[in-house]
1. Suppose the chain between Leu227 and Gln265 were pulled fully straight at 0.36 nm per residue; how much longer would it get relative to their current alpha carbon spacing?
2. Rounded to two decimal places and with Rh computed the Kirkwood way over Cα pairs, what is Rg over Rh for region 48-202?
3. How much FRET efficiency would the formula 1/(1 + (r/R0)^6) give for Glu102 and Lys157, where r is the Cβ-Cβ distance and R0 is 30 Å, rounded to 0.05?
4. If the only charges are +1 at each Lys and Arg Cβ and -1 at each Asp and Glu Cβ, what is the size of the charge dipole of the chain around the Cα centre, to the nearest 20 debye?
5. Using only the Cα atoms, work out Rg/Rh for region 118-180, with Rh taken as the Kirkwood radius, to two decimals.
6. If you build the convex hull over the alpha carbons only and average its shadow over all orientations, what do you get for region 196-244? Give it in nm² to one decimal.
7. Going out from 0 in 5 Å bins, what whole percent of all Cα-Cα distances in the chain drops into each bin?
8. What is the fewest-to-most order of Asp98, Asp57, Asp109 by other Cβ atoms lying within 10 Å of their Cβ?
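The numbers here are math on the coordinates, done by the rules we state, and not lab data. Given the structure is predicted, the values throughout are model-derived calculations rather than measurements. Glycine gets a Cβ as well: all are built from the backbone with ideal geometry, and neighbour counts include every protein chain shown.
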Amino acid sequence: MMRSKVLSLVPRATGVCRHMSTATKLTTVAVDDKTGIATLTMNRPPVNGLNLDLLRDLNQSIGEVEGNKSRGLILTSSNPTIFSAGLDILEMYKPDKDRIREFWTALQDVWLALYGSSVPTAAAINGHSPAGGCLLATSCEYRVMLPKFTIGLNETKLGIVAPKWFMSSFLSVLPRREAERALNQGRMFTTEEALSIGLIDEVAISKEQALDKCAQFIGTFAKVNPLARSLTKQQLRAVELQQLENERAQDLERFLFFVNQPSVQKGLGIYLESLKKKAKN
Ligand SMILES: CC/C=C\C/C=C\C/C=C\C=C\CC(=O)SCCNC(=O)CCNC(=O)[C@H](O)C(C)(C)COP(=O)(O)OP(=O)(O)OC[C@H]1O[C@@H](n2cnc3c(N)ncnc32)[C@H](O)[C@@H]1OP(=O)(O)O
């Protein structure tokens, strides 16, 4: 059955996959007709850096999945080695004063939509997932990761401070003591370390297997009343969601104050240079 404007039909392992009406370019949503599960793919070369445009497209796609009665949402990346490099540092370095407000507001929106999503969510982490990438993954309810990649909140290593709601997602996955140590250290975990600490739930040998494992997780809710499941999830997550809703304006001002500090700007500039030098070598 056609559940939205269909742009194209692409066969997949589990069923016929319908590409939904995403008018956006940096994300795609494909719903499997057999399972009813939507796969949301980030596609912003080279590293899925979360800039304003990708954040807007993510928001639109999450909204689309919420609205099209999908049975669940799997978040993944079209890049074979990077899930997401986190926030696009170019948005924060020498920022345009209006755009950076929109940027942070869009990031808040994405977190509220993903962490608070009414459908079951899972991340197929098919590549590196630092900082904002880890935020996206830990906002989902389940994580499957491919070997030999890294994940974590490395903000302190960049001389920046993860906001409270980044920490909330992390704390919803890790025991407090582990989360506190990792956040203070800015620690990046290998896939194997992430599995042993509980930051991810499973390891898969390929992206296809990761998507299948995520679909299996979402399938575990097949016999659970959807309204009861979704209200339970929302009650469990309500405190953190409400806290950001209540403090959105202050959170934005705190971010702007912090990011505009000369020492933070200097640190971001040095970090960007080091990334560029690395790319040249
Ligand atoms: C009290 C508190 C109040 C308020 C809070 C205040 C502040 C909080 C603010 C911010 C929170 C930020 C969270 C973040 O997400 S910051 C971003 C952190 N991300 C990273 O550290 C990742 C950096 N990237 C990498 O480690 C690697 O690139 C990689 C592992 C993702 C991929 O490695 P590759 O070898 O495959 O690719 P590269 O050659 O390194 O990169 C290719 C290309 O892409 C550029 N690039 C990479 N990452 C970023 C990025 N995050 N932003 C912008 N650009 C990035 C890289 O420079 C290369 O560019 P060129 O091709 O050389 O042009």
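1. Length gained, Leu227 through Gln265: 9.1 nm.
2. In region 48-202, Rg relative to Rh is 0.95.
3. 0.65
4. The dipole magnitude comes to about 340 debye.
5. Ratio of gyration radius to Kirkwood radius: 0.96.
6. Numbers: hull surface 20.5 nm².
Reported value for the Cα convex hull: 5.1 nm².
7. Histogram of Cα-Cα distances, whole percents per bin: 1, 6, 12, 17, 20, 18, 13, 7, 4, 1, 0, 0.
8. Asp98, Asp109, Asp57
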